[in-house]
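The values are calculated or read from the model by the stated rules, or taken from the named source; none is laboratory data. None of these values were measured; they are calculated from a predicted model. Here the Cβ is made from the backbone with ideal geometry for all residues, glycine too, and neighbour counts use every protein chain on show.
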Amino acid sequence: MTSSKALPTIWEVPDTLWPQFEAILAKRYPPARTGRPRTDLRRVLDGVIFRLRSGCQWNHLPKEFGDDSTVHRWFQRWVDDGVFEALWALLLSGCEALGAVDWRWQSADGLMNKSRFGGDKRGANPTDRAKPGTKKSLIVERSGGPLGVVIAGANVHDVKLLEATIKGDRRRPA
């Protein structure tokens, strides 16, 4: 059984982890040889983490993370390019190497939400007069560490969503 010692809340990328994240970002977004210098991607990632952890609006990000529009633009780009999946796979493999992932026990759950602001992952909600909505499905291991997450339209059947959530976990042993 794993210990349940509480870890400190992460508000920014730790110094020991940044070189690995930087390698992933540099491979996907090599610096241009000419033109204006690019913004500091570590500062942008710290801003994204702050935004996701605090729940503040993008335009209320503290100035230490740079221009809020720049942080939001990079966030959208990283979502579209699958950067967060690559970063998560790196974290999950590191946790697995430390023996911190218990593959013998998993739990999955889902939820439905309204989708007021659009997006390509929404569908007619069958329980809310066909208003646009989304379903989220999450699978975690014994100590609550997330292994996979899938977002789909509210009209996607739970069985299909669970199947996609399980298949989306590429690190699962055979």
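State whether one or more residues within the stretch 135-155 are under 30 Å from R28 (Cα atoms), surrounded by 16 or more Cβ atoms within 10 Å (Cβ to Cβ) and of a type in the set (S, T, Y).
Yes: the stretch 135-155 contains one or more residues that are under 30 Å from R28 (Cα atoms), surrounded by 16 or more Cβ atoms within 10 Å (Cβ to Cβ) and of a type in the set (S, T, Y).
Looking at the stretch 56-98, which of its residues are among the acidic types (D, E) and surrounded by 12 or more Cβ atoms within 10 Å (Cβ to Cβ)? Spell out the reasoning first.
Pass one, the stretch 56-98, residues among the acidic types (D, E): 64, 67-68, 80-81, 85, 96.
The answer is D67, D68, D81, E85, E96.
Identify, please: which residue in the stretch 9-49 is among the charged types (D, E, K, R) and not in a loop (DSSP other than H, G, I, E, B) and is, among those, nearest to the chain's Cα centre (by Cα)? Quick ask: steps written out before the conclusion?
Restricting attention to the stretch 9-49, the residues satisfying the condition of being among the charged types (D, E, K, R) are 12, 15, 22, 27-28, 33, 36, 38, 40, 42-43, 46.
Retained after the next criterion (residues that are not in a loop (DSSP other than H, G, I, E, B)): 22, 27-28, 42-43, 46.
Values: E22: 17, K27: 19, R28: 17, R42: 16, R43: 17, D46: 14 Å.
If we take residues in the stretch 9-49 being among the charged types (D, E, K, R) and not in a loop (DSSP other than H, G, I, E, B), then D46 is nearest to the chain's Cα centre (by Cα).
Go through the stretch 136-152 and give me each residue that's assigned to a loop (DSSP other than H, G, I, E, B) and within 18 Å of the chain's Cα centre (by Cα). Explain how you work it out, then say what you get.
In the first step, residues of the stretch 136-152 are kept if they are assigned to a loop (DSSP other than H, G, I, E, B); the result is 142-145.
G144, G145, listed by residue number.
Out of the residues in the stretch 89-135 that are in a loop (DSSP other than H, G, I, E, B) and aliphatic (A, V, I, L, M), which is nearest to T165 (Cα to Cα)?
Within the stretch 89-135, the first condition is being in a loop (DSSP other than H, G, I, E, B), and the residues that meet it are 98-105, 115-122, 125-131.
Next, only the ones that are aliphatic (A, V, I, L, M) stay: 98, 100-101, 130.
Working: L98: 24, A100: 21, V101: 17, A130: 24 Å.
Checking each candidate, the answer is V101.
Test of understanding: among V149, V79, V140, which residue is in contact with a strand residue (DSSP E or B) (Cβ under 7 Å, 6 or more places away or on another chain), under 28 Å from R42 (Cα atoms) and modelled with pLDDT of 85 or more? Before you say what the answer is, go through the steps one by one.
Values: V149 fails: modelled with pLDDT of 85 or more; V79 fails: in contact with a strand residue (DSSP E or B) (Cβ under 7 Å, 6 or more places away or on another chain).
The match here is V140.
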